[in-house]
Amino acid sequence: MWRASVLTIFPEMFPGPLGASLAGKALGTKWALDTIDIRDHATDKHRTVDDTPAGGGPGMVMKPDVLARALDSIPKDDRPRLLMSPRGASLTQARVAALAQGGGAVIVCGRFEGVDERVIAARQLEEISIGDFVLSGGEIAAMALIDSCVRLIPGVMGKPASGVEESFASGLLEYPHYTRPQLFEGLAIPEILTSGDHAKVARWRAEQSEKLTRERRPDLAAQRPRGENPAKPRDSKG
Ligand code: SAH
């Protein structure tokens, strides 16, 4: 079973939102979650996990020895060992899909100013960011990562097909969605979607996806493999 092992000083935050909805229903049958309280691996009576930064400056730094002991308490297996970190490589849907296909992940949640650099090296933690902004701790980032993986595990989502067409699956943003009522505040559903012509619907959606991606994420559009990149955008006049 796919297993996330989360190292945190706030184990009570889990499963939190991961215990609700489809991911929550599948927790324990399609995937497993355990938390390791980093504080359990402190050695002093105050259960200290942090100390002042060498070289001075504000805040505190997570101690390498305590975190290393917490990591070493997890039996070694071939799951990747990740550290949630704003300095890490940006999480992508491709990485999420690869992680979802593996055995799970060991995920360290930083707090304070972050983690002593030496434990990152000594335990070969791979730093992963969920975006160019700073959270107060790695827990919400870990939840985002776990949620994105769990929904790709076979049997977790309602319809297996829904993972295939959505944003980023083919390097594109998803086409727009509509549902009833047919008229909402004077705005109608695009006629083609109610025409019953499946081929036309598919073509319209593909065009919308490409248009949206070019407009909103030219960086993604530029990354598409040759041939999948329409030579000339039909609807933009430069
Ligand atoms: N001083 C650090 C920020 C520390 S934030 C810096 O400037 O880089 C505290 C913890 O929150 C981090 O150790 C990390 O585990 C988590 N965190 C914050 N922002 C994150 C992000 N964008 N992605 C993943 N984890 C993040």
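Could you go through the range 130-140 and let me know if any residue there is part of a helix (DSSP H, G or I), of a type in the set (V, I, T) and within 13 Å of F10 (Cβ to Cβ).
yes
So E210 clears everything in (1) within 25 Å of A94 (Cα to Cα); (2) surrounded by fewer than 17 Cβ atoms within 10 Å (Cβ to Cβ) except one condition, right? Which one?
(2)
Looking at the range 120-133, I want the residues that are assigned by TED's automatic domain parsing to the domain that holds L99 and have a partner that is in a helix (DSSP H, G or I) and loosely packed, with under 11 Cβ neighbours inside 10 Å with Cβ atoms under 6 Å, at least 6 apart or on another chain. Which pairs are those?
none
Which residues, counting only those in the range 17-44, are surrounded by 13 or more Cβ atoms within 10 Å (Cβ to Cβ) and farther than 22 Å from P154 by Cα?
T35, I36, D37, I38, R39, D40, H41, A42
Between residues in the range 1-25 that are aromatic (F, W, Y) and residues that are assigned to a helix (DSSP H, G or I) and modelled with pLDDT of 95 or more, which pairs lie under 8 Å by C-beta distance while being six or more apart or on different chains?
These pairs meet every condition: W2/A100; W2/C149; W2/V150; F10/E139; F14/E139; F14/M143.
Looking at the range 77-109 only, could you name the residues that are within 14 Å of the ligand (Cβ to nearest atom) and not aliphatic (A, V, I, L, M)?
Correct list: R81, S85, P86, R87, G88, S90, T92, R95, C109.
Name the residues in the range 89-117 that are touching a helix residue (DSSP H, G or I) at 6+ places or on another chain (Cβ under 9 Å), in a strand (DSSP E or B) and on the phi < 0 side of the Ramachandran plot, would you?
A89, A105, V106, I107, V108, C109, V115
Give the residue that is farthest from the chain's Cα centre (by Cα), with candidates limited to residues of the range 1-16 that are among the aliphatic types (A, V, I, L, M) and crowded, with 16+ Cβ neighbours inside 10 Å. If you could, list the steps in order and put the result at the bottom.
At the first step, the residues of the range 1-16 found to be among the aliphatic types (A, V, I, L, M) are 1, 4, 6-7, 9, 13.
Filter again for crowded, with 16+ Cβ neighbours inside 10 Å, leaving 4, 6-7, 9, 13.
Numbers: A4: 13, V6: 14, L7: 17, I9: 21, M13: 17 Å.
Across the range 1-16, the extreme among qualifying residues is I9.
Condition first: hydroxyl-bearing (S, T, Y), part of a helix (DSSP H, G or I) and modelled with pLDDT of 95 or more. Can you find one or more residues in the range 146-166 that meet it?
Initially, the range 146-166 is screened for residues hydroxyl-bearing (S, T, Y), giving 148, 162.
Still in the list and also part of a helix (DSSP H, G or I): 148, 162.
Adding the requirement that they be modelled with pLDDT of 95 or more leaves 148.
Yes.
For the range 124-136, check the following and say yes or no: at least one residue is closer than 23 Å to S21 by Cα and within 11 Å of the ligand (Cβ to nearest atom). First the steps, then the outcome.
Going residue by residue through the range 124-136, those that are closer than 23 Å to S21 by Cα are 130.
Those left that are additionally within 11 Å of the ligand (Cβ to nearest atom): 130.
Scanning the range 124-136 turns up at least one residue that is closer than 23 Å to S21 by Cα and within 11 Å of the ligand (Cβ to nearest atom).
Mind checking which residues of the range 44-61 are over 24 Å from F14 (Cα atoms) and over 30 Å from the mean Cα position of the chain (by Cα)?
Keep residues of the range 44-61 that are over 24 Å from F14 (Cα atoms), which gives 44-45, 51-59.
Within the range 44-61, D44, K45, T52, A54, G55, G56, G57 meet the criteria.
The values are calculated or read from the model by the stated rules, or taken from the named source; none is laboratory data. Note that the coordinates shown come from a computational prediction; the quantities given were computed from them, not determined experimentally. FYI the Cβ positions are ideal-geometry reconstructions off the backbone, even for glycines, and counts take in every protein chain you see.
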